[in-house]
Structure formats: C-alpha cells, structure tokens
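Worksheet: one structure, shown below.
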Amino acid sequence: MKKTIIIGIVILVSNVVLGQTPKEIIARVYAAQHMLKTASYSLKRTDTLVTGDTRIMTGSVKIKTDVADALYGFQFWCKLDDVNVETIYNGHLIYEANNNTKTYTINTNPVDLSHVFYSTAGGHVILTDLVKLDTSKAIGFMLSQNTQQYYLTIKYADYKQEDVSKRYKIVTIDKKTMLPIAVRSHQEPLGRVQDLYYQITNIQVNEPQFNYDFTSPTFLTEYNQQIITNNVAQNPAYGLKGIAAPYFELISFNNKKVSTNDFKGKVVLLDFWEVWCGPCMEAMPKVENLYEKYKGKGLLIYGITSDAKQLAPSKLLIQKRNIALPMLVGSEQLKKDYKVNGFPLYILINKSGKISFVSEGYSEDVEAAIKSAIND
C-alpha cells in the first residue's frame, strides 16, 4: 500500500512539473512568448477549401515583437516564394515592394492595416499564434503529446445560425522552445470542410545577428514609390485641391506660433511626416533643398508631425540630422481638416490661400508645382 501511494505521488508531481494540463501548457507558452524578441522562419500553408479544392502556399517571414503595437504586437516582413513582392508592416503602415518593377507602395489605411493577413499576398504565411497564442472564445481544451511536441486542441462553439460546426484549432508546440510551430484551424460550414494548416518548416529565434529595419527597408533608396495622384476614394486629401486651406494655429518646435494668417501672398508647402515613416525621412533632404532654392522667391515650407507619443524622438531626430526646415506640432484636428491618412503627404498652398497641389509621396512634381505657384 505504501509503495502504491508513493508511486502515485511521484506521478502526480511529475505531471505538475512537466505541465501536463492544458492550462499549464498555455501558461508555459505565454512565458516563452514573453521572452520572444525576433523570429525568422519558413512556412508551408495548406488550405482545404469548402469547394473541395486544395491550395498550397510557401513563404518566408521575419518578425520583431513590439509591445507598443496594439494591433498585432509585432512588426514583420514576409514574402511568398512564388510572388516577387515583399510586404512589411512596421506598426504604423504597410509597405509592398515589387521586386520586378522596382517600385513600392505605402498604405496607412486603418481598415487595410487590420486586414493585412488577408489583403496582402505575403500576409497569408504569417502565423500569429507564434507571437501570441490566441485562446479567446474557447469552450474547451484537450492535450496530447509525443516525445518532441505537445498538441493543444482548442474547441469553439458552433455557429448554429450559420450552420457552422466542428470548430476547433490544433496548436503544435515544440517542447524545446515551448513556442507554437504549427496551427490547424478547422470548421465545417454547411457540412463542408474548411481546414487551414500552417506549418513552420524552419525557425530561428532571438538571433543575435537579426537586424532587419522595418521602418526604413533598403528598397526605399533603390525603388520608386508608386504614388496615387488623383484617387480621392483612397486618399481624400486629393479632394482638397482648389479649396481654401483650412485654418490652423500651431506651435513650432522652438515654441513659436504659426498660423495660416501668416501665409498671405506666400506659396506654402506643408510636409506631413512622422518619425516612424522611412520615406518621410528619405525625402526630407530633398524638401530642404527646395526650401533653400526657393525661399528667396517667397516659398515657405513647414514640416508637420502629429504623433504626440513620438514628439520627443521627432525633435531629437531633426536635431541630430541638422534639418533646418521649420517644424510644427500638429494635432488630430489638423489631420482631419487636411485629410491626412498617408505619409509623407505634401500639400501646396498658393498665394491666394487655396490648395493647388497634393501628393502622397515625394516626386519631381512637387518642385514643378512650387515653380508654377511662384510664377502665378
């Protein structure tokens, strides 16, 4: 009897130490994810669709955790193997770089940012559970294991009104790292199988040599930006052309008041930028050159940054780079008035106080518009 009791106690203790319950395994995964800083991996995704078709995608991903990012909690670079387009999310915007055409686009639309895993090609190979295991809305858990991995099954309630049943997710957890390395999401709408299987085939965690710059990727200096020049639907700022510049009164970086009342008879270029915007910083020397070239002919240029949380880093960056452009502290109201939803954004105000030119992204058209406004 004593031997039996002792053996039972030993088995019980071993189970606790090894974390044999789903709750304990989830806690250990969260602890491991808390220590995760960077990850690079390859992934194979196999989708079984309700049509009965199978879709296979493979790609590569680089991730850097970011506790300040409320949307995902990480920044990332990703690329499908058979699509020569790179997608980067840096917590504020999405870059998509086309390596065939040597061009890139910038997207800061909040709706698109929140759907990046569906709206971009590379986003299809992002395994979000790697960084933050999602157990929300679960109604039950099951656990199994082999010598190398745990298999955590997360059960979800059926959507009875939509006739969606057998909803579950199986998370494969590596015992060495305690990180998820595969996820199978399963449900059966109208009795038809939909099964999405993400499987990491190679992963490097917290690499000392990891140094990818998500804010200023190298293609910003090598590729040309594709600029939407007249699409009001995607950028409402283009709809401002021809109207009187909305009034504002702002404080400069050196605590001086600047208002649109000071612009009478002047040509004024407003450069909306943020410190986390790589193209903004790449273009700023060009804007500074325009200022030096045309200020004697009546041109005023003001840089405007409105991200209150990044004001101190913005001032420090301007100081370190010795940028002589006058800088103003913007506001959310100013962004609404000037329809700012992408960076960099350039808005030119002519001598009569009307907006005569708008450009999301820098191009040679900025200088051409300045010359035209000065000569009017």
Using only the C-alpha atoms of segment 197-276, find the volume of their convex hull and express it per residue in Å³.
260 Å³
Using only the alpha carbons, work out the radius of gyration and Dmax of segment 38-177 in angstrom.
17.1, 49
Cysteines in the chain that, by Cβ-Cβ distance, have no pairing candidate under 4.7 Å
Cys78
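If the only charges are +1 at each Lys and Arg Cβ and -1 at each Asp and Glu Cβ, what is the size of the charge dipole of the chain around the Cα centre, to the nearest 20 debye?
Values: 42 positive and 36 negative charges, 192 e Å.
Approximately 920 debye in magnitude.
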Sticking with the crude label model, points 7 Å out along Cα→Cβ, report the distance from Asn289 to Ile374 in nm, one decimal please.
1.5 nm
Could I have the simple spin-label model distance between Asp69 and Glu188, label points 7 Å from Cα toward Cβ, reported in nm to one decimal?
3.7 nm
Taking Cα atoms, how many degrees apart are the long axis of helix 22-34 and the longest axis of the chain, rounded to 10 and kept between 0 and 90?
30 degrees
Everything considered on the Cα gyration tensor (a ≥ b ≥ c; rounded for a/c under 1.5, else prolate if a/b is larger than b/c, else oblate), segment 27-120 must be described as oblate
Taking Cα atoms, how many degrees apart are the long axis of helix 311-320 and the longest axis of the chain, rounded to 10 and kept between 0 and 90?
60 degrees
Semi-axes of the chain from the Cα gyration tensor (sqrt of 5 times each eigenvalue, largest first, whole Å) come to 52, 22, 19
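For the cross-link pairs Lys266/Lys335; Lys137/Lys336; Lys102/Lys295, which exceed 30 Å when the distance is taken from alpha carbon to alpha carbon? Walk me through the numbers on the way to the answer.
Details: Lys266/Lys335 22 Å; Lys137/Lys336 36 Å; Lys102/Lys295 34 Å.
Long pairs (Cα-Cα over 30 Å): Lys137/Lys336; Lys102/Lys295.
Report the extension gain between Lys241 and Thr103 in nm, rounded to one decimal, defined as 0.36 nm multiplied by the number of residues separating them, less their alpha carbon distance.
Numbers: separation 138, 0.36 × 138 = 49.68 nm, distance 2.63 nm.
Result for the pair: 47.1 nm of gain on full extension.
Treating the beta-carbon of each Lys and Arg as +1 and of each Asp and Glu as -1, no other charges, what is the dipole magnitude of segment 192-285 about its Cα centre, to the nearest 20 debye?
On the way: 6 positive and 9 negative charges, 117 e Å.
The dipole magnitude comes to about 560 debye.
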Full-extension gain between Lys160 and Asn254, please, as 0.36 nm times their residue separation minus the C-alpha to C-alpha distance.
27.7 nm
Non-local amide H neighbours of Gln225 (under 5 Å, H modeled in plane, Pro and chain starts lacking H): which ones?
Tyr104
With 10 Å bins from zero, work out the P(r) of segment 31-73 over every alpha carbon pair and list the percent per bin.
21, 33, 28, 17, 0
Nearby lysines by direct alpha-carbon distance to Lys62 (threshold 19 angstrom, same-chain neighbours under 8 apart not counted):
Lys37, Lys44, Lys79, Lys132
Rounded to the nearest 0.05, what FRET efficiency do Asp262 and Glu282 give with R0 = 25 Å and r taken as the Cβ-Cβ distance? Could you check?
0.30
Quick one: grab the alpha carbon gyration tensor of segment 234-376, order the square roots of its eigenvalues as a ≥ b ≥ c, and give me rounded if a/c is under 1.5, else prolate or oblate depending on whether a/b is larger than b/c.
rounded
Between Leu311 and Gln145, what FRET efficiency comes out of the Förster formula 1/(1 + (r/R0)^6) with R0 = 56 Å and r the beta carbon distance, rounded to 0.05?
0.65
Give the angle, between 0 and 90 degrees and rounded to the nearest 10, that separates the Cα long axis of helix 365-375 from the longest principal axis of the Cα atoms of the chain.
20 degrees
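Sorted by packing (mean other beta-carbon atoms within 10 Å per residue), highest first, where do 197-207, 77-87 land? Intermediate values should be presented prior to the final figure.
Working: 197-207: 15.6, 77-87: 18.5.
Top to bottom by mean Cβ count within 10 Å: 77-87, 197-207.
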Lys160: which aspartates and glutamates have alpha carbons under 18 Å from its alpha carbon, excluding same-chain residues fewer than 8 sequence positions away?
Glu188
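Each value in this text was obtained by applying a stated rule to the coordinates, not by laboratory testing. Values in this document were obtained by computation on a predicted structure and should not be read as measured data. All Cβ positions, glycine included, derive from the backbone under ideal geometry; neighbour counts span all protein chains shown.
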